[in-house]
Amino acid sequence: MNLKFLMVLAFFSGIFVQAMDPADSLRTHPVKPFVIVLDAGHGGGDPGNLGSGLKEKVIALAVTKEVGKLLGQHRDVQVIYTRDDDTFVKLNDRARIANDAKADLFVSIHCNSVGTPRAHGIETFVLGLNRMNTNLQVVKNENSVILLEENYQETYAGFDPNDPASFATTHLVAEESLEESINAAVMVQQNLTNRTKFRDRGVKEGNLAVLRLSYMPSILIEIGFLTNPKEAKFLKTKNGQKITAQAIYSALYDYIKNRDSNSSVIEPQKNPVEVENDVTFKVQISASSRDLSTDPSNFNGLQEVSKEKNGVIIRYFAGDTDDYSKIKQIQKMAIDAGFDGAFIVAFKNGEKVDLAQVINAG
Ligand SMILES: [Zn+2]
């Protein structure tokens with residue numbers, strides 16, 4: 001989502017709210033709903049993995065539909081499925097459904113498998129920017145469906161699903177979109193591992209075709225290993241599927257809400273802005289898997305760039321100050337330098353906190 005668009009959106013929604021009775025504004029909120037595409041992995045002639053005698057396509061569909069049912073209860077969310085029954089949908093058609101709908105988020109749900117019953121846990125993928133894959137097996141499993149499609153050589157332009165290294169990332173992912181993907185992935189991963197008590201295998205990068213082909217922030221969740229007897233036993237039950245879906249749903253809805261509240265404080269009305277104690281600000285200019293030196297020449301001349309590594313993702317910041325008006329200036333400098341999506345991040349005692357919570361936006 002483009003930051004400028006969000007600012008315009010926040011501006012117009014502000015006017016609407018002022019012009020109407022507060023109760024009315026809640027009922028007839030003019031902001032367009034958040035469009036989320038839910039993608040149940042595999043389907044039809046492609047069963048996915050068959051760990052423990054189960055079918056990945058069946059479990060993925062059950063969990064996906066439950067997530068959609070819960071999200072669909074909110075009027076500010078529009079749910080679109082790539083499939084809501086046992087049909088085969090090509091990977092590029094899944095992405096096209098999301099692109100055509102101008103979705104705000106694409107969420108693909110799968111179950112993991114590997115040759116040993118010992119491997120277990122949950123992992124969530126964002127599209128990698130590296131050609132080097134951190135998890136070749138998952139990339140192979142989830143991309144291999146392409147081989148079932150007719151004319152796959154033409155559709156996927158020379159991409160060999162059995163050789164993920166051949167899958168060059170020609171489509172440059174917007175840094176902002178990656179950042180949003182990471183945010184959503186981290187929230188889902190944390191909530192899902194908390195609720196299921198499954199091992200946290202982390203947020204990872206993968207060159208997954210279905211993520212690469214969709215333009216918006218996109219994540220792929222591996223909700224557990226069907227090849228692990230304990231996780232298979234949990235995931236095949238209605239109750240296990242419900243717990244999993246509930247955890248994914250509440251993380252996604254938090255993500256949607258959090259995103260709204262961030263956009264609404266981009267331009268605080270009150271001047272000077274009141275800031276809590278022990279709060280510092282930085283401007284996040286990009287997030288990437290590439291580990292760059294913070295030399296200004298790498299950042300269009302921006303001075304004093306710092307970086308922070310979190311798993312495979314490195315976030316780059318400009319500025320470090322407790323003065324909110326100064327960080328606003330740095331944000332403007334960053335945008336002028338070409339980092340259109342640059343946004344302010346707040347830290348309290350070194351921990352990242354929600355900007356809305358630490359400044360009085362008036
Ligand atoms: Zn799968």
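Of all residue pairs spaced 6 or more apart or on separate chains, those with beta-carbon atoms under 6 Å, a first member in region 215-235 that is open to solvent by 10 Å² or more (accessible area, probe 1.4 Å) and a second member that is of a type in the set (Ser, Thr, Tyr) are Thr227/Ser113.
Considering only residues that are at pLDDT 95 or above, away from the ligand (no atom under 14 Å from the Cβ) and in a loop (DSSP other than H, G, I, E, B), which ones fall in region 212-246?
Asn228, Lys236, Thr237
Quick one: in region 44-72, which of the residues that are in contact with an Asp or Glu (Cβ under 8 Å, 6 or more places away or on another chain) and in a loop (DSSP other than H, G, I, E, B) is farthest from Thr244 (Cα to Cα)? So, considering only residues that are in contact with an Asp or Glu (Cβ under 8 Å, 6 or more places away or on another chain) and in a loop (DSSP other than H, G, I, E, B), the one farthest from Thr244 (Cα to Cα) is Gly44.
Please specify each residue of region 273-291 satisfying the condition of being closer than 19 Å to Phe347 by Cα and either open to solvent by 60 Å² or more (accessible area, probe 1.4 Å) or modelled with pLDDT of 85 or more (or both).
As a first pass, look at region 273-291 and keep what is closer than 19 Å to Phe347 by Cα: 273-287.
Across region 273-291, the qualifying residues are Glu274, Glu276, Asn277, Asp278, Val279, Thr280, Phe281, Lys282, Val283.
Is it true that Leu105 is within 21 Å of Glu231 (Cα to Cα), open to solvent by less than 40 Å² (accessible area, probe 1.4 Å) and modelled with pLDDT of 90 or more? No, not satisfied. Residues that are of a type in the set (D, E, K, R), at pLDDT below 95 and open to solvent by less than 10 Å² (accessible area, probe 1.4 Å) within region 61-102 comprise just one, Arg94. Checked against (1) modelled with pLDDT of 90 or more; (2) open to solvent by less than 60 Å² (accessible area, probe 1.4 Å), Thr294 passes all but a single condition, namely (1).
Of all residues in region 97-114, those being away from the ligand (no atom under 13 Å from the Cβ) and touching a residue at least 60 places away in the same chain (Cβ under 8 Å) number 10.
Kindly provide the set of residues from region 73-113 that are under 17 Å from Ile59 (Cα atoms) and in a loop (DSSP other than H, G, I, E, B), ordered by number. Explain how you work it out, then say what you get.
In the first step, residues of region 73-113 are kept if they are under 17 Å from Ile59 (Cα atoms); the result is 81-89, 107-113.
Listed by number, the residues that qualify are Thr82, Arg83, Asp84, Asp85, Asp86, Thr87, Phe88, Val89, Ser113.
Kindly indicate whether His120 is in contact with an Asp or Glu (Cβ under 6 Å, 6 or more places away or on another chain) and at pLDDT 90 or above. Criteria met by His120. So for region 140-154 (the condition being within 12 Å of the ligand (Cβ to nearest atom), open to solvent by 10 Å² or more (accessible area, probe 1.4 Å), modelled with pLDDT of 95 or more and farther than 17 Å from Ala245 by Cβ), does at least one residue qualify? For region 140-154, residues within 12 Å of the ligand (Cβ to nearest atom), open to solvent by 10 Å² or more (accessible area, probe 1.4 Å), modelled with pLDDT of 95 or more and farther than 17 Å from Ala245 by Cβ: absent. Applying the criterion of being surrounded by fewer than 21 Cβ atoms within 10 Å (Cβ to Cβ) and polar (S, T, N, Q) to the residues of region 178-206, the residue that is nearest to Ala342 (Cα to Cα) is Asn183. In summary, Gly53 fulfils each of the numbered conditions (1) open to solvent by 30 Å² or more (accessible area, probe 1.4 Å); (2) more than 13 Å from the ligand (Cβ to nearest atom); (3) in contact with a Phe, Trp or Tyr (Cβ under 8 Å, 6 or more places away or on another chain) with the single exception of condition (3).
The values are calculated or read from the model by the stated rules, or taken from the named source; none is laboratory data. Remember, predicted model here, so these are calculated numbers, not experimental data. Virtual Cβ from ideal backbone geometry, glycine too; neighbours counted across all protein chains shown. These area figures cover heavy atoms from the full protein model, side chains too; ligands, DNA and RNA do not enter into them. Shrake-Rupley method; radii C 1.70, N 1.55, O 1.52, S 1.80 Å.
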